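*Asks:* Quick one: this structure, given as structure tokens, is what I'll be asking you about.
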Amino acid sequence: MKVSGYSGLVGRPAGALASAAVLVALTALCGCTVRPPDAADGKGNDSPVHVGLPHSRTPGRTPDDKPGRTPAQTPAPTPSVVETTPPHIVFTRGDSGTGVRELQARLRQAAWLFDGPTGTYDDLTAQAVKGFQGKRGLPQTGETDAVTWQRLLRMTHEPGKWELYLMGGQPAAAPDPRCLTGRVLCISKTSRTLRWMIDGRTVSTMSVRFGAQYTPTREGVFQIYWKSRHHVSTLYHSPMPYAMFFSGGQAVHYSYDFAARGYAGGSHGCVNVRDEAAVSALFAQVRNGDKVVVYW
């Protein structure tokens, strides 16, 4: 007996045929892969037959899954490498200007720098920055990057003019009209600077400080009347190297105290210079009889 469509089930009882038909129908509804009983490919291997609904997909598989791979077998994506950009460098060795002067003034406030401000990013400044960075767990580069600068800004206040120019270096004031002719030591109390001028041309400029409250430096027009290279004050017994006297005991001269303390101190009426090389060069050029103008 042969049943159409089931050539492999010859001689099977009708009940078995019915059971097989029901199984195939249920399996088709479930979308499973089955084979009819005893079906063979002639080589002794079972040959699965996929019986499923049109356009169906295996449960749990997304359209992008490759055949034969379950979601659990999909390898995790390789994490991307995160590259960190070094902080922007604000100031570094060799820089100069008002920004560096502010940095030095703020480092002085934080007690990491005891020299300056000079306006030049030197080795002392780099060492101070490195110490500040190390104390706060920042990379100790000695360079002032954006992170270091912002941290310093939060810890300090904006320095005033006195703090910025504690050791001198402020721009010189415009020369007094009386300084525009001849050979003149043109000294401004406002900017605390001395211009050495010849016929209206500025030859050199240097920072100076003046007398204290009770020993003020006199203002007016004077003349150099005596020069003394290794002078020592007979009144105060203090050294006054490169002294150029212009009014009584008042002179322009180099000051060790000014070099060490800046404007934290004052003179007994003299015009102090902190740059020894500059005042040495000035001493060599100035002659007795040259004019001195002290003005506000």
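Read the figures in this text as sums done on the coordinates, not as results from a lab. Just so we're clear, the structure is a prediction, and the values are computed from it rather than from any experiment. Every residue, glycine as well, gets a Cβ built from its backbone with ideal geometry; the counts of neighbours run over all protein chains shown.
*Asks:* Full-extension gain between Ala277 and Leu235, please, as 0.36 nm times their residue separation minus the C-alpha to C-alpha distance.
*Replies:* Full extension of this stretch gives 12.5 nm more.
*Asks:* Taking only C-alpha pairs under 8 Å that are 6+ residues apart, what is the relative contact order of region 173-242 in percent?
*Replies:* Across region 173-242, relative contact order equals 17 percent.
*Asks:* What distance in nm lies between label points placed 7 Å from Cα along the C-beta direction at Gln150 and Thr84?
*Replies:* Taking the simple label geometry, Gln150 and Thr84 are separated by 1.4 nm.
*Asks:* Whole-Å semi-axes of region 232-295's equivalent ellipsoid, largest first, each the root of 5 times a Cα gyration tensor eigenvalue?
*Replies:* 18, 14, 12
*Asks:* Jot down the radius of gyration and Dmax of region 89-164, Cα atoms only, both in angstrom.
*Replies:* Considering region 89-164 through its Cα atoms, Rg and Dmax are 10.8, 31 Å.
*Asks:* A follow-up question, please. Tell me, what is the FRET efficiency for Ser204 and Ala111 to the nearest 0.05, using R0 = 35 angstrom and their Cβ-Cβ distance as r?
*Replies:* According to the calculation, E is roughly 0.55.
*Asks:* Follow-up question, since we're still on this one. Loop only per DSSP, at most 11 neighbouring Cβ atoms within 10 Å: give me the chymotrypsin sites (Phe, Trp or Tyr not before Pro) in region 100-160, ordered by residue number.
*Replies:* Sites meeting the loop and neighbour criteria: Phe114.
*Asks:* Hey, which of these cross-link pairs are over 25 Å Cα-Cα: Lys227/Lys291; Lys135/Lys161; Lys161/Lys227?
*Replies:* Pairs exceeding 25 Å: Lys135/Lys161; Lys161/Lys227.
*Asks:* Next question. Considering only DSSP states other than H, G, I, E and B, which trypsin sites (Lys or Arg not before Pro) in region 196-287 qualify as loop sites with at most 11 other Cβ atoms within 10 Å?
*Replies:* Hits after loop and neighbour filter: Arg287.
*Asks:* Just round it to a whole percent: the fraction of Cα-Cα distances in region 118-251 exceeding 27 Å.
*Replies:* Value for region 118-251: 43 percent of Cα pairs lie more than 27 Å apart.
*Asks:* So, one more: Report the label-to-label distance for Gln213 and Ser228 in nanometres (one decimal), using points 7 Å from each Cα along the Cα→Cβ vector.
*Replies:* Between Gln213 and Ser228, the simple spin-label model gives 2.9 nm.
*Asks:* Still on this structure: Quote the charge dipole size of region 154-209 about the Cα centre in Debye, to the nearest 20; the model charges only the Cβ of Lys and Arg (+1) and of Asp and Glu (-1).
*Replies:* Computed about the Cα centre, the dipole is about 100 debye.
*Asks:* Related question: Among the chymotrypsin sites (Phe, Trp or Tyr not before Pro) in region 185-224, which ones are in a DSSP loop with at most 16 other Cβ atoms within 10 Å of the Cβ? Mind listing them?
*Replies:* In loop regions of region 185-224 (DSSP not H, G, I, E or B), the sparsely surrounded chymotrypsin sites (Phe, Trp or Tyr not before Pro) are Tyr214.
*Asks:* Compute, for region 153-296, the length of the dipole vector about the Cα centre, with Cβ point charges of +1 (Lys, Arg) and -1 (Asp, Glu) only. Units Debye, rounded to 20.
*Replies:* Roughly 140 debye for region 153-296.
*Asks:* Starting from the Cα coordinates of region 177-295, work out the convex hull volume and express it per residue in Å³.
*Replies:* 93
*Asks:* Above 17 angstrom, tally the Cα pairs of region 157-232 and express them as a % of all pairs, no decimals.
*Replies:* Distances greater than 17 Å cover 56 percent of the Cα pairs.
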